[in-house]
Structures are given as C-alpha cells and as structure tokens.
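Everything below concerns the one structure shown next.
The values are calculated or read from the model by the stated rules, or taken from the named source; none is laboratory data. These numbers come from a predicted model, not from an experiment. Note that each Cβ is placed from the backbone with ideal geometry, even for glycine, and that neighbours are counted across all protein chains shown.
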Amino acid sequence: MERMARAFWLSSPGSGEIREVPLPEPSAEDVVVRTLCSGVSRGTESLVFRGEVPGSQYAAMRAPFQDGDFPGPVKYGYLNVGTVEQGPAALVGRTVFCLYPHQSRYVVPASAVTVVPDGVPAERAILAGTVETAVNALWDAAPLVGDRIAVVGAGMIGCSVAALLARFPGVRVELVDADPTRADVADALGVDFALPGDALPDCDLVVHASASEAGLTRSLELLAPEGTVLELSWYGDRRVSLPLGEAFHSGRLVLRGSQVGRVSEARRSRRTYADRLALSLALLADPVFDALVTGECAFEELPSVMAGIAAGDLPGLCHRVRYGATWAEAPARTASGHC
C-alpha cells in the first residue's frame with residue numbers, strides 16, 4: 001500500500017490548503033520522519049503566502065525541500081521537528097530537526113536531519129532555524145566585550161539575536177520595538193527594552209530586524225561614529241529609502257547585509273552548515289527561548305492560521321504547529337506525538 005502524508009500547500013497567493021501527498025519509497029540512506037511540531041517563520045512565510053517574493057529572487061528563496069514554484073502552488077517552510085521512524089539504526093527513535101515544510105511525514109536523506117540534543121524539548125527545537133540565523137549574524141557582526149548594542153525589531157530573529165547577545169560579557173543590549181508589549185519578551189530574555197523614540201544612542205552596533213524603512217532609518221540614527229548597522233530584514237519586492245546624507249558620511253557609518261543562506265565569511269573556512277545548525281540546537285537548551293513561542297495550533301488549522309498571520313490579524317513571535325496521526329497516513333500509523 002502506498003504510504004501517504006498530509007502537507008500544507010499555498011495553492012495561490014493568499015490561499016492555503018492541506019493536501020494528501022504520496023511519500024517516496026525510502027532508500028537505505030534515507031530516513032522516514034513523523035512530524036511532531038513545525039514552526040511558522042512569520043516574516044518570510046508571510047511574504048510567500050501573500051505572493052510577494054520578487055521574481056528575481058525565486059531561485060535564491062527556494063527552501064531546501066520546497067515543492068512547486070513561486071508564487072504558487074508551492075509547499076514552503078523550514079522549521080520541522082519529528083521522530084525518525086525508519087532509517088539507519090543510530091537514528092531510529094531519535095528526535096530530529098529538518099529544514100522541511102509543514103507536512104505530517106516525510107522522507108529525506110539521513111544527512112538532511114540533525115539530532116536534537118537530549119536537553120532540548122521538541123517544542124523548543126523548532127526555533128533552530130531562527131537561532132541559526134542569529135548565530136550567523138553574530139559571526140558577521142563580531143560584537144566585542146563592552147559594546148553598546150541595540151536590536152531594532154523584536155520579532156523572531158531580533159529576539160533570537162538579543163537572547164544570544166545577553167550572554168556576552170559587559171555589553172549593553174537594548175531591544176527596540178514600536179510594540180510596547182514586547183517589553184515582556186525583552187524582560188524574559190534578560191535585556192533592556194525601549195520604544196524607538198526612547199532608544200539609547202551612541203551604539204557601536206545596531207542589528208536591524210524590523211523589515212521596515214522606519215526601523216532601518218532609526219537604526220542608522222542610533223549609531224556612534226564609525227558604528228555598524230547589520231541588516232537582517234528581508235523586504236521582498238519593496239524598495240526602501242534611507243537618509244544616506246546627514247551623518248552617514250561624516251560619521252563613517254557602515255550598513256552591512258547578513259543572510260543565513262551562506263555561512264559567515266568569518267567562519268566559512270572552519271565551520272560547515274551542519275556545524276552551525278548543531279550549535280544552534282545546543283544553544284536551545286536554555287529555556288529562555290521559550291519566550292519566543294507565542295502561539296500554537298493544530299496542523300489542520302494551518303490554512304486559516306497562516307492567512308491570519310500573513311494579514312497581521314494574529315500577532316506574536318513563533319507560531320508552533322502540532323501534529324497527530326491521521327487516517328491518511330496508513331499503513332505507517334504509530335502512536336501520535338504532540339508538542
């Protein structure tokens with residue numbers, strides 16, 4: 001009997017659905033994974049859901065196990081944690097992270113999964129891809145002891161960066177966001193909080209992750225002379241205007257892009273993608289990251305939930321999706337697992 005699974009597809013911009021999909025027959029080098037949880041990467045997945053990926057970026061923005069093409073139909077996502085049901089003996093029964101879309105079961109090469117450390121619960125491990133972006137950003141930024149740092153934009157990425165910076169000795173870390181309710185998240189992460197107009201100036205480093213023109217402009221304004229803004233936002237097909245007159249030249253300010261698609265040049269000769277992901281999962285042993293998961297739904301609810309997230313009707317940080325066994329997955333049905 002053909003093994004089946006259920007997957008979330010963007011059928012067309014603004015409309016998603018759950019489809020039954022056949023699974024390929026696994027080879028000796030593959031694993032069969034039953035999903036426990038997946039996470040919605042709000043910024044990128046909202047752009048995808050709204051059909052706002054620029055045509056020039058179709059190739060660059062492909063997820064590792066994406067099916068279909070932009071603007072749709074497309075199966076997209078990359079924060080998936082599950083249990084290995086079949087594969088090499090060393091992996092069977094282990095909880096693993098994979099850059100796979102929202103799907104109840106899947107078959108991938110064993111090399112595509114990373115074992116979740118024993119001290120990291122599955123429901124927190126969905127943040128591995130987000131923390132990996134933050135790790136890469138800090139390799140790019142190379143903050144120093146005693147730096148004055150602002151993180152502008154308290155979304156998933158900004159909060160992950162702030163959580164890691166809180167571990168640096170002697171640094172002043174301020175999380176900046178226009179939403180005053182993000183002060184609670186900042187407190188949970190162990191960093192200061194400010195509204196944009198109240199943020200402390202003279203920063204050596206500002207990490208920008210608000211995906212807004214106003215946020216990037218404010219980031220430049222917060223810099224001390226010869227300071228750096230590290231830009232983590234992705235704007236899709238939007239153009240951004242910046243005040244590159246004023247103090248930009250006289251202050252010798254630096255605006256630098258960072259993106260997780262490549263290992264930072266500062267570590268590229270000594271760290272692989274696998275090394276970076278394993279480090280990110282190990283960092284998630286800290287329960288402080290639980291503050292980044294602010295919503296949850298059942299997999300069956302994902303079409304309506306994704307529409308609400310993309311429209312801005314469901315604010316928050318990481319949204320967790322939980323899975324259970326369904327009739328469509330026979331004959332591979334096992335006891336269901338929930339986050």
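So the values come out like this:
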quantity	calculated
Where VAL84 falls short, out of the listed (1) farther than 23 Å from THR272 by Cα; (2) surrounded by fewer than 18 Cβ atoms within 10 Å (Cβ to Cβ); (3) among the aliphatic types (A, V, I, L, M)	(2)
Scan of region 230-277 for residues that are within 25 Å of PRO117 (Cα to Cα) and charged (D, E, K, R), ordered by number	ARG262, ARG267, ARG268, ARG270, ARG271, ASP275, ARG276
Residues of region 151-208 that turn out to be more than 26 Å from ALA125 (Cα to Cα) and aliphatic (A, V, I, L, M), as a count	8
Residue within region 76-96 that is in a loop (DSSP other than H, G, I, E, B), under 19 Å from SER12 (Cα atoms), touching a strand residue (DSSP E or B) at 6+ places or on another chain (Cβ under 6 Å) and in the same structural domain as GLY324 (by TED's automatic domain parsing) present	no
Within region 249-275, considering residues that are among the charged types (D, E, K, R) and surrounded by 15 or more Cβ atoms within 10 Å (Cβ to Cβ), the one nearest to ALA209 (Cα to Cα)	ARG267
Among the candidates SER56, SER27, SER15, residue that is hydroxyl-bearing (Ser, Thr, Tyr), at pLDDT 95 or above, over 21 Å from the mean Cα position of the chain (by Cα) and farther than 25 Å from VAL293 by Cα	SER27
Output for region 35-53, where each listed residue is at pLDDT below 90, in contact with a helix residue (DSSP H, G or I) (Cβ under 9 Å, 6 or more places away or on another chain) and of a type in the set (S, T, N, Q)	SER41
Sole exception among (1) surrounded by 14 or more Cβ atoms within 10 Å (Cβ to Cβ); (2) acidic (Asp, Glu); (3) not in a strand (DSSP E or B) for GLU25, by number	(1)
Pairs, first within 25 Å of SER258 (Cβ to Cβ) and among the acidic types (Asp, Glu) in region 117-134, second at pLDDT 95 or above and surrounded by 22 or more Cβ atoms within 10 Å (Cβ to Cβ), C-beta under 7 Å, six or more apart	GLU132/SER280
Checking LEU232 against (1) of a type in the set (A, V, I, L, M, F, W, C); (2) touching a Ser or Thr at 6+ places or on another chain (Cβ under 6 Å); (3) over 27 Å from PHE49 (Cα atoms), the condition it does not meet	(3)
Any hit, region 273-295, residues being touching a Leu at 6+ places or on another chain (Cβ under 9 Å) and within 22 Å of LYS75 (Cα to Cα)	yes
Single residue of region 41-56 satisfying the filter (touching an Asp or Glu at 6+ places or on another chain (Cβ under 9 Å) and not in a helix (DSSP H, G or I)) that is surrounded by the fewest Cβ atoms within 10 Å (Cβ to Cβ)	PRO54
